Every structure is written in C-alpha cells, then in structure tokens.
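Take a look at the structure set out below.
Quick note: the coordinates plus some simple rules give every number you see, no bench work behind them. The structure displayed is predicted, hence computed values, not measured ones. Cβ sites come from the backbone with ideal geometry, for glycine too, and all protein chains shown count toward neighbours.
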Amino acid sequence: MTTCASRMLEKFVAPYDAHVIERLRAADAVLLGKTNMDEFAMGSSTENSAYQITRNPWDLERTPGGSSGGSAAAVSALMAPLSLGSDTGGSIRQPAGLCGVVGMKPTYGRVSRFGLIAYASSLDQIGPFARDVKGAALLLEAIAGHDGRDSTSVPHDVPHYSQTVDHPLEGLKIGYAKEHFAPGLDPEVERSVKDALNIYKKLGATIQEISLPHQKYAVAVYYLVAPSEASSNLARYDGVHYGHRAAQFDSMVDMYSASRGEGFGSEVKRRIMLGTYALSAGYYDAYYLKALKVRRLIRNDFDEAFGEVDIIATPVNPTPAFKIGELVNDPLAMYLSDIYTISANLAGIPGISVPAGFSSGGLPLGLQLLGAPFAEGKLLRAARMFERETDWHTRIPPNMVVTK
C-alpha cells in the first residue's frame, strides 16, 4: 500500500511502480519495505504521520527530522544500507543531518518524479540515503536518468558517479555565505561546519566568503510557493475516485468537506489553507506572484556564487535533533528548522548532507554541500574528500547490534 502516512490513502494500493522502483528492480535491488514520513511530506519531524511517530536512533526521545524521517532512521539504525526519500524543502538532507547519515537531493529534473505522489511539483525531487558517500553515489547512479513520462525529467546522460567518487578534486574552491552564520545557529553546529572548512583547507581547497543576499527570504517564499502547489495537487483527494470517503454526508459538497476533513491531518490542512489563500482572487499578485519573483532572485544569487566557487558549504540544521513534541505546537519554529535547506529547492540545485560531528549531548551534526545544476558528480567527490578524513560516518547509534 502507498499511504503517504495519511488516513486519506489508508487503504490505497498503487496500480504501478514509480520510475525509481522500476530502476531499482532492474538493478536487482532487494526491496525491504516502505518507511514512515510526515503526512504527504509536510513536516520536519515525522510527527505528522497519521500512524506512528518515528524516533531518532541516536536518542529515542528526539525526532529524526522530516519529512523523510523514516528513511533516514532506517539507514541510521542499520535496518537497511540504502533508502529513498523525497526532498521538497530539505526532506532528505535535514533528516540525514539529524540521524548521522548521508542524504542527497539531486538537481531538479535529474531523477524522474513519475510515480511520486506530488506535494509541490516544482520543488519535489527523489534522492538517496546511505551510510556513506559511496553508497549514495551508487544509488543515485541507479535511479537517475531521463524518463519521458515525467515532463520535467531532463535528457542528460548519467555520469558514472560510483566510479569517480573517490577521485579528489584539484583546485577546489569552497564558499561559505555570511548569511548562514547569523543569530539562531547553534554554536556547536557552527563549530562543526567551520571545522569541516578547516579540513578542506588542509586538503588544499580555497575557502572564501560569499554572499547570498536573498537567502533571508527563502522560508517566506517557500511557504507561499509550496502550499500553493499543494493546494492544487491535493485537490484530487475529494472522496470520489479514490482515497478516504466519509461514511455520512448530506450532499456532494458535504461529502467533499467531510471526506477531506476526516482524511487530512492538521498540518496538511494548514498548508492547503495557506496555499488556497495565496492563490485566491485579490491576493495572487501580492503573495504567490511576488514569491515567484523573489524565487528567481534566490536562483540568481546561486548562479552568481557558482561563478566564483565550486561548492557552497552550509549547516544542514540550525540545531541538533529536537525533542519529540518540542515544536509541534509552534509551526513557525518548525518551519525554521529547514532554513538552510529550502533555498536549494527553490533554485533547483543539488545538495548533499554528510555527517560532520556530534554535539556535546551525543547527537549527530551534519555538513551541507551545495553545487551548481547537474554538478552531482562534483558534490559527491567533494563530500567523499571530507569523509575520507573523518570517521563520523562510521559511528553507529548506541544499543545498535552489529552482526557479521
């Protein structure tokens, strides 16, 4: 069954496989099962699932991040060596950072979205989780490539990522944006990123400060664009063709409202309402259209930055993993947990999260590397350079049993 962790699709059995699953079957992958997530990928803690709360293997009282928290937790807890997730605003990289594994969001269009249940169609992208960069390279190589069933799939050849990932980059230029080291960033997270930059410097990389002046608008832009697209995409769940239908109703309109009211959780309803409002007559120009214009400025900032540097290094999360329930009643604080990942989705560029240390409380800290469009190979190689110099990716959560 394919439920999107929602009561709306509680009994839905998909009639076909997604493109990425077809690719994995063709590569003789052994598919173990499906993992938990925030309902319809809307959340940053996997607490919005209609079924269960997923816990962080490093501390069971804390969240694994989201929305693909189940995929990150499964790899972190040694339940599987690899997994897939979808990344709309950081939903692969953010849980990877909080769970101490590698997670990558490819360039928009690099991996087919055919068979992916849409949240925000201009932002969604499928990508890999793995215990190390080599695993991520191998899985990305298996799932990437053009697919005519997805109109946004780009007809580019897929490089042999797994064969080049161990080749160090000569003359690597890494930028760090001053906007990413502002108030609100946990000191231990900041230290881990700066320590990573020092490692790169010792490896011969050039480190320089850059500016992404429109980064400060990323969260506001995202929470106009993504909910607007969600409002449209989730309109299909009306209790007519498939999905949950209310047992009692008085009219067709009542059936629609009752079915959607029962089937959707509170966070999904919140985002549908935000999006519907932003798209409504009298507000479209003031909110949605303006957000699209600022989105273009965010992309322009990255284009300009990648004219100076090869890679941009940033934090993944502003803090280590937070406790379950800590932010659930504070939507704004929850939304801000994606502050460093959202802009890559708005710009359509690739990003990867790699383990980069631990907090004083023993919680994983991540390093995010961002690259120019379709520079996944360079990102993987840069990430592997760092990984070879550290052992953070070899650590396993306490109480995990390893058998050989």
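Diffusion coefficient of the range 88-141 by Stokes-Einstein, Kirkwood radius over Cα pairs, 37 °C, 0.692 mPa s: 284 µm²/s.
Mind checking the full-extension length gain between residue 277 and residue 202? Use 0.36 nm per residue of separation minus the Cα-Cα distance, one decimal, nm.
Full-extension gain reported as 21.9 nm.
Protection proxy ranking, highest mean first, for peptides 10-19, 292-301, 57-66, 98-107: 98-107, 57-66, 292-301, 10-19, where packing is the per-residue count of other beta-carbon atoms within 10 Å, averaged. Treating the range 163-203 as a set of equal point scatterers at the Cα positions, no solvent, please give the Debye-formula log₁₀ I(q)/I(0) at q = 0.28, 0.29, 0.35 Å⁻¹. Treating every Cα as an identical point scatterer, log10 I(q)/I(0) equals -1.03, -1.06, -1.23. Approximating the spin labels as points 7 Å out from Cα along Cα→Cβ, the residue 329-to-residue 61 distance works out to 1.8 nm. Computed with the Debye formula from one identical point scatterer per Cα of the range 252-351, without solvent, the log10 of I(q)/I(0) at q = 0.13, 0.24 Å⁻¹ comes to -0.73, -1.24.
Mind checking the full-extension length gain between residue 304 and residue 21? Use 0.36 nm per residue of separation minus the Cα-Cα distance, one decimal, nm.
Numbers: separation 283, 0.36 × 283 = 101.88 nm, distance 3.62 nm.
Gain on extension, residue 304 to residue 21, equals 98.3 nm.
By the compact-protein rule of thumb, 2.2 N^0.38 Å, the alpha-carbon radius of gyration of the range 38-86 corresponds to a ratio of 1.02. Each residue of the range 341-356 is assigned a 3J(HN,Hα), and the resulting list reads 9, 4, 4, 5, 5, 4, 8, x, 8, x, x, 9, 10, 10, x, 9 Hz, derived from the Karplus form 6.51 cos²θ - 1.76 cosθ + 1.60 (θ = phi - 60°), x at Gly and Pro. What distance in nm separates the two pseudo spin-label positions at residue 150 and residue 79, each 7 Å out from Cα along the beta-carbon direction? Between residue 150 and residue 79, the label points sit 2.4 nm apart.
What the phi angles of the range 359-367 give under the Karplus curve with 6.51, -1.76 and 1.60, with θ = phi - 60°, is a coupling list of 6, 5, x, x, 9, x, 10, x, 10 Hz, glycine and proline written as x. Applied to the range 12-23, the Karplus parametrisation 6.51 cos²θ - 1.76 cosθ + 1.60 on θ = phi - 60° returns per-residue 3J(HN,Hα) values of 7, 10, 5, x, 7, 8, 5, 4, 5, 6, 4, 5 Hz, with x for Gly and Pro.
Restricting the calculation to Cα atoms, every distinct pair contributes to the Kirkwood radius of the range 7-394, found to be 21.0 Å. Calculated mean residue ellipticity, 222 nm, the chain: -10000 deg cm²/dmol, from DSSP H runs (n ≥ 4) at -39500 (n - 2.57) each, averaged per residue and rounded to 500.
Are there trypsin sites (Lys or Arg not before Pro) in the range 83-167 that DSSP marks as loop and that have at most 15 other Cβ atoms within 10 Å, and which are they? Don't jump to the answer; show the numbers that get you there.
Values: sites: 93, 110, 113, 131, 134, 149; in loops: 110, 113, 131, 149.
When the trypsin sites (Lys or Arg not before Pro) of the range 83-167 are filtered for loop state and at most 15 Cβ neighbours within 10 Å, 149 remain.
Amide H to amide H, with H built 1.01 Å from N, residue 91 comes under 5 Å of 67, counting only residues 5 or more places away or on other chains.
Subtracting the Cα-Cα distance of residue 390 and residue 167 from 0.36 nm times their residue separation leaves 78.6 nm of extension gain.
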